[in-house]
Amino acid sequence: MSVILHQRGLEHIVGLEVEWYLAKLEDPMLAIANVGTSGKPGEPAKVSAVEHSFQYLLESHNPEIHDLLRVLAENLVEMGLPLRSVENEGGVGQF
């Protein structure tokens, strides 16, 4: 495909939109009674929200977690994932 595009004076550029959830770990549920056994899954970790947004692309609550988002963004860039933005999405803790 790249050869055909190059022959026509074109190139392709691909971007990736990564969406993820950010939550605060309240209890990892790793006690022996919670971890499960073969064929019986353990209890999921208990988590809580880290921000209040329920609105698509609403950034009015970002100051609540701005410092954490900055550290995450810096680490993503260090991993070689250049960022254009970090935005709230539709769900609580969804970015």
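The values are calculated or read from the model by the stated rules, or taken from the named source; none is laboratory data. Keep in mind that this is a model prediction, so the values were computed, not measured. Every residue, glycine as well, gets a Cβ built from its backbone with ideal geometry; the counts of neighbours run over all protein chains shown. Calculation scope for accessible area: heavy atoms of the full protein, side chains included, ligands and nucleic acids excluded. Shrake-Rupley method; radii C 1.70, N 1.55, O 1.52, S 1.80 Å.
Three principal axis extents of the chain based on alpha-carbon atoms, in descending order, are 63, 41, 25 Å.
Please work out the average accessible area per residue across the chain, using the 1.4 Å probe convention, and give it in Å². Accessible area per residue: 82 Å².
For the chain, the mean residue ellipticity at 222 nm estimated from helices alone is -6000 deg cm²/dmol, where every DSSP H run of n ≥ 4 contributes -39500 (n - 2.57) and the total is divided by all residues, rounded to the nearest 500.
Kindly express, to the nearest 10 degrees and within the range 0 to 90, the angle between helix 66-78's C-alpha long axis and the longest C-alpha principal axis of the chain. Computed tilt is about 50 degrees.
Ranked by the mean number of other Cβ atoms within 10 Å per residue, highest first, peptides 71-82, 41-52 order as 41-52, 71-82.
Multiplying the residue separation of GLU87 and TRP20 by 0.36 nm and removing their Cα-Cα distance gives an extension gain of 23.1 nm.
Using 0.36 nm per residue and subtracting the Cα-Cα separation, the extra length available between ILE32 and ILE13 on full extension is 1.9 nm.
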